[in-house]
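Taken together, the values in this text are just the output of simple stated rules run on the coordinates, not laboratory data. In this text, all values refer to a predicted model and were calculated from it rather than measured experimentally. Virtual Cβ from ideal backbone geometry, glycine too; neighbours counted across all protein chains shown.
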């Protein structure tokens, strides 16, 4: 009997750390809501944030919104009824303020501090509740850096990139998600930034491969920024725009690294970007995921923009600690971070990654 009791106690001791690590439910201090676990960059944020919250001695519970705003909003309601002391929300819908305002209303009514992160909400949303803040990048910065990388690459490799010798570079661009600020600004500034450098060098502007597409991009119809969507598009495009037809797509711009992976997989099937001395179409992404770093190292991808998951986790854990403490304001001790002057938004910097 004693042996069975000791065995049960030992099993419980082994189980409790796992319970805390993934969130134990009603007793957790911090409840973290991710728009989807399937996003590669978000997975890296989740790993880093779990570690930082545990290091700070905070119990937490993670939620997968699975790309559904209704699901996420109900998860927030449930967390509040379970006694959450801080809410960290990577919101699903960013096309308008409606979803964010609803979540702010829930948090305000319950008197619980609320921190949005990664997927930006408006200054108006943040300003509507004194215990609300945001942690994330400046949406336009990734596009600007990517545009610089593309322009610099083309000026160095123009002749070899211009495969059909027509004096222009044709490109394809995978946007990711309609209505998302990061996708909008990356789409705009990556092309504008590259064109600015080309213009200074008396080179013609980039030309979208499909003249009939006035948008100048292809969007993931499911809004998931997925490798599968980019692979499907790229595979289809290569049946009509290819080396044999002397109209090969000469540049691939992706708003995240997952889509870059999908595009490269399709290029591989067409005999491009397989590494070594094989012909390569320059592919650029955003996130600096481990997979993208490996592709760059193997000469299958040209570059990406690094998004600092660890830096985001540090800022979020700091705010979460403030939110839990009874004697601190939400933004106390944030002097070491980059904070917008007029609103409670902490900015995490991007950086170029070329291997």
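Figures for the structure shown
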{"quantity": "Size descriptor, Kirkwood hydrodynamic radius, that averages inverse alpha-carbon separations across the range 140-307, Å", "calculated": "15.4"}
{"quantity": "Separation in nanometres of the label points that stand 7 Å from Cα toward Cβ, at residue 342 and residue 202", "calculated": "4.3"}
{"quantity": "On Cα atoms only, tilt of 227-238 relative to the major axis of the chain in degrees", "calculated": "10"}
{"quantity": "Antiparallel %, DSSP beta bridges [both residues in the chain], to 5", "calculated": "15"}
{"quantity": "Full-extension gain in nm, residue 294 to residue 168, via 0.36 nm per residue minus C-alpha separation", "calculated": "42.4 nm"}
{"quantity": "Contour minus Cα-Cα distance for residue 349 and residue 228 (0.36 nm per residue)", "calculated": "40.7 nm"}
{"quantity": "Relative contact order [Cα under 8 Å, 6+ residues apart], the range 140-307, whole percent", "calculated": "24"}
{"quantity": "Between helix 40-55 and the chain: long-axis angle, C-alpha atoms, 0 to 90°, nearest 10", "calculated": "30"}
{"quantity": "FRET E, pair residue 109, residue 221, Förster distance 45 Å, beta-carbon r, rounded to 0.05", "calculated": "0.80"}
{"quantity": "Mean Cβ count within 10 Å, highest first, over the residues of peptides 247-256, 326-335, 299-308", "calculated": "247-256, 299-308, 326-335"}
{"quantity": "Estimated FRET transfer efficiency (residue 268, residue 214; beta-carbon r; R0 30 Å; 0.05)", "calculated": "0.50"}
{"quantity": "Chain lengthening between residue 155 and residue 54 when straightened (0.36 nm per residue, less Cα-Cα)", "calculated": "31.7 nm"}
{"quantity": "Alpha carbon convex hull of the range 243-298, projected area averaged over orientations, nm²", "calculated": "3.7"}
{"quantity": "Matching label, Rg and Dmax of the Cα atoms in Å computed from the structure shown, candidates (1) 23.7, 108; (2) 20.1, 61; (3) 22.8, 86", "calculated": "(3)"}
{"quantity": "Rel. contact order, % - alpha carbon contacts under 8 angstrom, at least six apart, the chain", "calculated": "17"}
{"quantity": "Folded to 0 to 90 degrees: helix 98-110 orientation relative to the chain principal axis, Cα", "calculated": "20"}
